[in-house]
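**Student:** This is the structure, below, for whatever I ask next.
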Amino acid sequence: MKHIGALQAVVTADWSDREPTAAELDAIEYEMPVITAEVELLDAQIATLDRPVSELDARRIRRAWRRVLAARRALTNQAAELWEVGA
């Protein structure tokens, strides 16, 4: 029986050990407004988990949801503009 210990590192290489590429970092930066808006929405929702939702909480959640939608719309419009320029 052959010993394959030397090949083990290649077989079990973990993708999480590598650093993000420049393209991945650019994509994260490009989507950062959406990520930030979604975090704000999540914060507003988490704040209401252990108590009844007041009118102020409901307004905060609605405003955060509108920010998420606006950020997604802006990102989609930017992507469409880039698509038209590239086409």
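The values are calculated or read from the model by the stated rules, or taken from the named source; none is laboratory data. Keep in mind that this is a model prediction, so the values were computed, not measured. Because the Cβ atoms are built from the backbone with ideal geometry, glycine has one as well, and the counts that use them run over all protein chains shown.
This table checks each residue for (1) modelled with pLDDT of 95 or more; (2) of a type in the set (G, A, S); (3) part of a helix (DSSP H, G or I); (4) surrounded by 10 or more Cβ atoms within 10 Å (Cβ to Cβ).
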{"site": "S16", "(1), (2), (3), (4)": "no, yes, yes, no"}
{"site": "E19", "(1), (2), (3), (4)": "no, no, no, no"}
{"site": "I46", "(1), (2), (3), (4)": "yes, no, yes, no"}
{"site": "R51", "(1), (2), (3), (4)": "no, no, no, no"}
{"site": "L56", "(1), (2), (3), (4)": "yes, no, yes, no"}
{"site": "R60", "(1), (2), (3), (4)": "yes, no, yes, yes"}
{"site": "W65", "(1), (2), (3), (4)": "yes, no, yes, yes"}
{"site": "E81", "(1), (2), (3), (4)": "no, no, yes, yes"}
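**Student:** Here's another thing I want to ask about it. Among A70, A27, A37, A74, which is modelled with pLDDT under 95 and assigned to a helix (DSSP H, G or I)?
**Tutor:** Details: A70 fails: modelled with pLDDT under 95; A37 fails: modelled with pLDDT under 95; A74 fails: modelled with pLDDT under 95.
The match here is A27.
**Student:** Does any residue of segment 23-32 turn out to be exposed (fewer than 10 other Cβ atoms within 10 Å of the Cβ) and out of contact with any helix residue (DSSP H, G or I) (no Cβ under 8 Å at 6 or more places or on another chain)?
**Tutor:** Checking segment 23-32: at least one residue is exposed (fewer than 10 other Cβ atoms within 10 Å of the Cβ) and out of contact with any helix residue (DSSP H, G or I) (no Cβ under 8 Å at 6 or more places or on another chain).
**Student:** So which pairs qualify, if the first residue must be in segment 27-56 and in contact (Cβ under 8 Å) with a residue 40 or more places away in the chain, the second must be surrounded by 12 or more Cβ atoms within 10 Å (Cβ to Cβ), the Cβ gap must be under 6 Å, and the two must be at least 6 apart or on different chains?
**Tutor:** Hits for this filter: P33/A71; V34/A71; V34/R72; V34/L75.
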